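S.K.: Can you read through this structure? Questions will come right after.
The values are calculated or read from the model by the stated rules, or taken from the named source; none is laboratory data. Not measured: the values here are computed from a predicted model. A quick note on method: Cβ atoms are made from the backbone with ideal geometry, for glycine too, and the neighbour counts reach across all protein chains shown.
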Amino acid sequence: MGLLSHWNMRKSALGCGEFLRHFRGTVYPGSMKDYARIGMLVYLAAVTIPLALCDLRERRLPNGMVVPGLALAAIATLVSWVEGGDFPLGAILAGVGAGAVFYAGSSIGEVGGGDIKLAALIGWALGLFCWQLATVALACGCVLGGLWGVAALVKPTGRKSVPLGVPLLIGAWIVVGLWMLDAF
């Protein structure tokens, strides 16, 4: 059984389906936990274009845009815990796990420090909904980055590396969009 079909079967048990039904049924979320989760999406939306442009132009992701998101994720996690009663361990593990995997990539020189923090932010923010959403979003971003890298090798442009932040952000928004449309 694939990850997405397994995820679809368990969506309600994990809280993803409950949030989606609640989100679609009303204009405003009903609890502070929902506000915290939506707040993380709003923050990601606000920094997506500036981060992508900076990564394309300068090959860096400024701490001034990524680190405040990590602080907001910590606050959103605390709000989710207090409001929901259950400790959102999946969100923290999604963020820490993403950061650890990308840190391992940096040890061989393939991933920058900004990419590590951005992956942790995306993992933590989407992990507040459910850890599978974060995992699929980061995997989608990595696949897009790999495809972009292959295209850069095939069509020589002078640079043999590609900025990873842009495909990570695109992958995250593709998966969030599909999830909100209940495509999986």
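S.K.: Based on this model, can you work out whether Ala73 counts as small (Gly, Ala, Ser) and either modelled with pLDDT under 85 or under 18 Å from Leu133 (Cα atoms) (or both)?
M.R.: Details: small (Gly, Ala, Ser): yes; either modelled with pLDDT under 85 or under 18 Å from Leu133 (Cα atoms) (or both): yes.
So Ala73 passes the test.
S.K.: Answer yes or no as to whether Val143 is exposed (fewer than 13 other Cβ atoms within 10 Å of the Cβ), modelled with pLDDT of 85 or more, within 20 Å of Leu51 (Cβ to Cβ) and out of contact with any strand residue (DSSP E or B) (no Cβ under 9 Å at 6 or more places or on another chain). Reasoning before the result, please.
M.R.: Numbers: exposed (fewer than 13 other Cβ atoms within 10 Å of the Cβ): yes; modelled with pLDDT of 85 or more: yes; within 20 Å of Leu51 (Cβ to Cβ): yes; out of contact with any strand residue (DSSP E or B) (no Cβ under 9 Å at 6 or more places or on another chain): yes.
Considered against the rule, which asks whether it is exposed (fewer than 13 other Cβ atoms within 10 Å of the Cβ), modelled with pLDDT of 85 or more, within 20 Å of Leu51 (Cβ to Cβ) and out of contact with any strand residue (DSSP E or B) (no Cβ under 9 Å at 6 or more places or on another chain), Val143 comes out as yes.
S.K.: Quick check: is even one residue across region 157-166 surrounded by 19 or more Cβ atoms within 10 Å (Cβ to Cβ), closer than 24 Å to Asp34 by Cβ and in contact (Cβ under 8 Å) with a residue 40 or more places away in the chain? Break it down stepwise before answering.
M.R.: Of region 157-166, the ones surrounded by 19 or more Cβ atoms within 10 Å (Cβ to Cβ) are 162-166.
Remaining after also requiring closer than 24 Å to Asp34 by Cβ: none.
Scanning region 157-166, I find no residue that is surrounded by 19 or more Cβ atoms within 10 Å (Cβ to Cβ), closer than 24 Å to Asp34 by Cβ and in contact (Cβ under 8 Å) with a residue 40 or more places away in the chain, so the answer is no.
S.K.: Against the definition (among the small types (Gly, Ala, Ser), free of Cβ contacts under 8 Å to residues at least 12 places away in the same chain and part of a helix (DSSP H, G or I)), how does Ser106 come out, yes or no?
M.R.: Details: among the small types (Gly, Ala, Ser): yes; free of Cβ contacts under 8 Å to residues at least 12 places away in the same chain: yes; part of a helix (DSSP H, G or I): yes.
Considered against the rule, which asks whether it is among the small types (Gly, Ala, Ser), free of Cβ contacts under 8 Å to residues at least 12 places away in the same chain and part of a helix (DSSP H, G or I), Ser106 comes out as yes.
S.K.: How many residues does region 114-129 hold that are within 17 Å of Thr48 (Cβ to Cβ) and either surrounded by fewer than 16 Cβ atoms within 10 Å (Cβ to Cβ) or of a type in the set (Gly, Ala, Ser) (or both)?
M.R.: 5
The rows are residues; the columns are (1) of a type in the set (Gly, Ala, Ser); (2) under 10 Å from the mean Cα position of the chain (by Cα).
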residue	(1), (2)
Phe102	no, no
Ser107	yes, no
Asp115	no, no
Trp124	no, yes
Gly146	yes, no
Leu153	no, no
Trp173	no, yes
Gly177	yes, no
Met180	no, no
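S.K.: Residue by residue through region 48-87, note down the ones that are of a type in the set (Gly, Ala, Ser), closer than 18 Å to Gly112 by Cβ and exposed (fewer than 15 other Cβ atoms within 10 Å of the Cβ).
M.R.: Let us first name the residues in region 48-87 that are of a type in the set (Gly, Ala, Ser), namely 52, 64, 69, 71, 73-74, 76, 80, 84-85.
Checking which are closer than 18 Å to Gly112 by Cβ leaves us with 52, 64, 69.
The answer is Gly64, and nothing else.
S.K.: Tally time: how many residues in region 88-108 are under 26 Å from Val162 (Cα atoms), surrounded by 18 or more Cβ atoms within 10 Å (Cβ to Cβ) and in contact with a Phe, Trp or Tyr (Cβ under 9 Å, 6 or more places away or on another chain)?
M.R.: Start the filter on region 88-108 by keeping residues that are under 26 Å from Val162 (Cα atoms), which leaves 94-108.
Cutting the leftovers down to surrounded by 18 or more Cβ atoms within 10 Å (Cβ to Cβ) gives us 94-95, 97-99, 102.
When the remaining residues are screened for being in contact with a Phe, Trp or Tyr (Cβ under 9 Å, 6 or more places away or on another chain), the result is 94-95, 97-99.
Counting residues in region 88-108 that are under 26 Å from Val162 (Cα atoms), surrounded by 18 or more Cβ atoms within 10 Å (Cβ to Cβ) and in contact with a Phe, Trp or Tyr (Cβ under 9 Å, 6 or more places away or on another chain) gives 5.
S.K.: Could I ask something else about it? What's the total number of residues in region 148-175 that are part of a helix (DSSP H, G or I) and closer than 21 Å to Ile49 by Cβ? Explain how you work it out, then say what you get.
M.R.: Within region 148-175, the subset part of a helix (DSSP H, G or I) is 148-154, 165-175.
Applying the additional criterion that residues be closer than 21 Å to Ile49 by Cβ yields 148, 165-175.
Here the count works out to 12.
S.K.: Determine which single condition Val111 fails, assuming it passes every other condition in (1) surrounded by 22 or more Cβ atoms within 10 Å (Cβ to Cβ); (2) in a loop (DSSP other than H, G, I, E, B).
M.R.: The number of the failed condition is (1).
S.K.: I would also like to ask the following. Need pairs with beta-carbon distance below 8 Å; first residue in contact (Cβ under 8 Å) with a residue 60 or more places away in the chain and within region 171-183, second part of a loop (DSSP other than H, G, I, E, B) and not basic (Lys, Arg); sequence gap 6+ or separate chains.
M.R.: So the pair list comes out as Trp179/Phe129.
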